[in-house]
Amino acid sequence: MASFRTVKGFRDFFPEECAMRNYIFETWRSVARRYGFVEYEAPVVESTDLYRKKSGDEITSQLFCFHDKADREVSLRPEVTPSLARMATTRHRDFKKPLKWFQIGSCFRYEEPQEGRTREFIQFNADILGDASSGTDAELIALSIDVMLAFGIKAEDFAIRLSNRQIWTQYLEERQVPAEHSATFLQIVDKIERAKPDETACKLANIGLSLEDVRAFMAAADENHPAFAALRADLTARGLWQYVRIDASIVRGLAYYTGTVFEVFDLKHGLRAVAGGGRYDKLCALMSDGSVDMPAAGFAMGDVVLGILLSKTPSAQFAITEYLNAQQGVDAYVVVADEAQRCHALAAVQALRGAGVRVDFSMAAQKVGKQFQAAENQKARFALVFGAEFPEVQVKNLISREQTLVQNEALVATVLEALKHPAIGPLIA
RNA sequence: GUGGUCGUAGCUCAAUGGUAGAGCUCCAGAUUGUGAUUCUGGUUGUUGCGGGUUCGAGCCCCGUCGAUCACCCCA
């Protein structure tokens, strides 16, 4: 038994898991680029104040925070939106608006790990800054839908829960509830489906509201509500409105959301939200002490819940298998049948690799049978046998099992030509 | 941070308080120039860790670490 384990809530990525992770990254990247987003990255360690500024002191209980050797208070980032707001505001004059930026990287939260929740997780963040139009919100929702579709997650597997915090702001104004109760109220709404009704009613009574009135208002907030009219028209034109469900109980936990809020969630397994986001028009002003007032909206998708959903969705497995087959293994495996020819084999390995061919071979002397077995394990399409017939080389097609003799100096050209033809049939017999 | 369940080989799991096992994987051989199947052999454990009870603990008790579930939180 190994003496060391991963630290609580952290994960190893063995090759199989790393391939899965890379598949997720590449899918995120390719869809984001399809939408005209450019990639950025921010530091993993930030000043703890960066997170206090927008969320208050209590959030430090969920931060990986520590003092560095110069006694600076720093934290591993729990999210990237504050870093993005800092970056975008400090150099906003350098960029034409709107900014469509995405990022992929680790975030850290000191919480109790559970299924779908680890202490280090990887997030895909997509944000649009400098555009206050509802078209921006629609673009982000469309991106989140297309990301799911790109993973092979279909309409019957997921949906978007959509709401808007302004309908609640308006609700509170109409009932003359003081603005300082707004955050408390949104927390109550967030939990309204899970908490006990009498406790919820009691909390609402404290700020002068009744549960019946709130429930009635929520029921009335359907897709015909004027707050969703522009979004609905936009997403309907894209053919994407079918994925959207209005749900007024979605307010999102973050303090900084100001308008549209939405979540991506699965329909079959009751998992945690796959992604979440919304409009945060005041955050840039807050981060820049009012010097840069830039509207913004965005969402984040984590790798952990997404990975669980992919593993439970058969239609997603197909795309993963295709990706893994294309990525794994090598094109050719060099078999050293006669150790006297090893130096020629090494020269060929080097030449083939220089030509861009993926090549592997046994670095130590091995029986020929073992080497062919290794070639199969590596999913090689060709075995190149260096033996007594050198300077001729046996080129064996491992799928058709056909074998031909080729002059060594023609080997690279022959392999390159052969690789142009698509592999026939499955690599494993 | 609080409470429930669980922790045995690389993996999946057995083992009335009485000699720690099986399957799979991995390695080697049968097979010294060709992939499968099969057969044979082999490696791997302070039973998560530390105490306690007992003639004797994988099993019972306490603590601790980890996993998981529910709270909490969901940026």
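Only the coordinates and a few stated rules stand behind these numbers; no lab work does. Model, not experiment: these values are computed from the prediction. Here the Cβ is made from the backbone with ideal geometry for all residues, glycine too, and neighbour counts use every protein chain on show.
Below, the figures for the structure above:
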| item | result |
| --- | --- |
| Segment A:336-429: GluC sites (Glu not before Pro) in DSSP loop, at most 12 other beta carbons within 10 Å | A:Glu402 |
| Calculated FRET efficiency for the pair A:Asp222/A:Asp293, C-beta based, R₀ 25 Å, to 0.05 | 0.15 |
| Cut-off 15 Å between beta-carbons: net charge of the residues surrounding A:Ala340, Lys and Arg +1, Asp and Glu -1 | -3 |
| Ranked list, fewest to most other Cβ atoms within 10 Å of each Cβ, for A:Ile399, A:Ile145, A:Ile320 | A:Ile399, A:Ile320, A:Ile145 |
| Relative exposure of A:His269, A:His92, judged by other C-beta atoms within 10 Å (fewest first) | A:His269, A:His92 |
| Base-10 log of normalised Debye intensity for segment A:329-420 (one unit scatterer per alpha-carbon) at q = 0.11 Å⁻¹ | -0.24 |
| Cα gyration tensor category, rounded, prolate or oblate, for segment A:254-362 with a/c compared to 1.5 | oblate |
| Relative packing of peptides A:220-228, A:124-132 - highest average C-beta neighbours within 10 Å first | A:124-132, A:220-228 |
| Tensor-based shape of segment A:15-322 (alpha-carbon gyration tensor, a/c under 1.5 rounded, otherwise prolate or oblate) | rounded |
| Sparse-neighbourhood loop sites, trypsin sites (Lys or Arg not before Pro) in segment A:184-229 - DSSP loop, at most 11 other Cβ within 10 angstrom | A:Arg194 |
| Whole-Hz couplings from phi, Karplus 6.51/-1.76/1.60, listed for segment A:408-420; x for Gly and Pro | 4, 5, 9, 4, 4, 4, 4, 5, 4, 5, 5, 6, 5 |
